[in-house]
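Undergrad: Here's a structure for you.
Values in this text are rule-based calculations from the coordinates and carry no lab data. This one's a predicted model, so the numbers in the text were calculated from it and none came from an experiment. No Cβ is skipped: glycine too gets one built from the backbone with ideal geometry, and neighbour counts run over all protein chains shown.
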Amino acid sequence: MWLKLVCLFKQRGDAAEACRGGHVKINGLRAKPAATVKEGDVVEFYAGERFRKVVVIAVPEKPVRKEDARKMYDDQSPAPPKIDVLMGGTRDRGTGRPTKRERREMDRWKR
């Protein structure tokens, strides 16, 4: 519930599913969806493909505004890797639609 209240997940069901899947840890231990969170806890989770690590500063009792919710945790996540878009995502103008082989190569560059 805390993950949803502080706007780290958009929906409560997504946060619960991440907990059930073992993608959320509180103080290094896997968390269940109903796990209690208290001030000073370190919460680690994967939001999509990105790893996030936050320290709990406050626990709201009810839903709060997004501006206030973002002040209730300290984000210590590593910086996301920079993706060089120019390497494989562009093509010369007028060369037509890419072939299947070229599309696969572009997809490899995006990863």
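Undergrad: Can you give the longest stretch of the chain with no exposed loop site, where a site means GluC sites (Glu not before Pro) in a DSSP loop (not H, G, I, E or B) with at most 15 other C-beta atoms within 10 Å? Write down the numbers at each step before the final one.
TA: Details: sites that count: GLU39, GLU49, GLU61.
Result for the longest clean stretch: 62-111.
Undergrad: Another question, if that's okay. At what distance in angstrom do the alpha carbon centres of region 6-36 and region 37-73 lie from each other?
TA: What the calculation gives is 11 Å, centre to centre.
Undergrad: Another one. Return VAL24, VAL54 ranked ascending by Cβ neighbour count within 10 Å, so the fewest neighbours appear first.
TA: Ascending number of Cβ neighbours within 10 Å: VAL54, VAL24.
Undergrad: Going by how many other Cβ atoms sit within 10 Å of their own, how do VAL42, VAL56 line up, fewest first?
TA: Fewest to most other Cβ atoms nearby, the residues stand as VAL42, VAL56.
Undergrad: With respect to the cross-link table entries LYS38/LYS82; LYS10/LYS100; LYS25/LYS110; LYS25/LYS62, which display a Cα-Cα separation exceeding 26 Å?
TA: In this structure, LYS38/LYS82; LYS10/LYS100; LYS25/LYS110 exceed 26 Å between Cα atoms.
Undergrad: Could you work out [θ]222 nm for the chain from helices alone, using -39500 (n - 2.57) per DSSP H run of at least four and dividing by all its residues? Round to the nearest 500 deg cm²/dmol. Intermediate results must be reported in sequence, preceding the final value.
TA: Numbers: 5 runs with 32 residues, N = 111.
It comes out at -7000 deg cm²/dmol, rounded to the nearest 500.
Undergrad: Using +1 on the beta carbon of Lys and Arg, -1 on that of Asp and Glu, and nothing else charged, what's the dipole of region 2-75 about the Cα centre, debye to 20?
TA: Taking the Cα centre of region 2-75 as origin, the dipole is about 180 debye.
Undergrad: While we're here: Could you work out which residue, out of LYS62, LYS53, LYS32, moves most in a Gaussian network model of the chain, that is, has the largest mean-square fluctuation with Cα springs under 10 Å?
TA: Answer for the Gaussian network model of the chain: LYS62.
Undergrad: Calculate the FRET efficiency for MET1 and MET106 from the Cβ-Cβ distance with a Förster distance of 41 Å, rounded to the nearest 0.05.
TA: In this case the efficiency is close to 0.50.
Undergrad: Report the gain in length on full extension from GLN11 to THR36: 0.36 nm times residue separation, minus Cα-Cα distance, nm rounded to one decimal. Write down the numbers at each step before the final one.
TA: On the way: separation 25, 0.36 × 25 = 9.00 nm, distance 1.81 nm.
Taking 0.36 nm per residue and subtracting the Cα distance, the gain is 7.2 nm.
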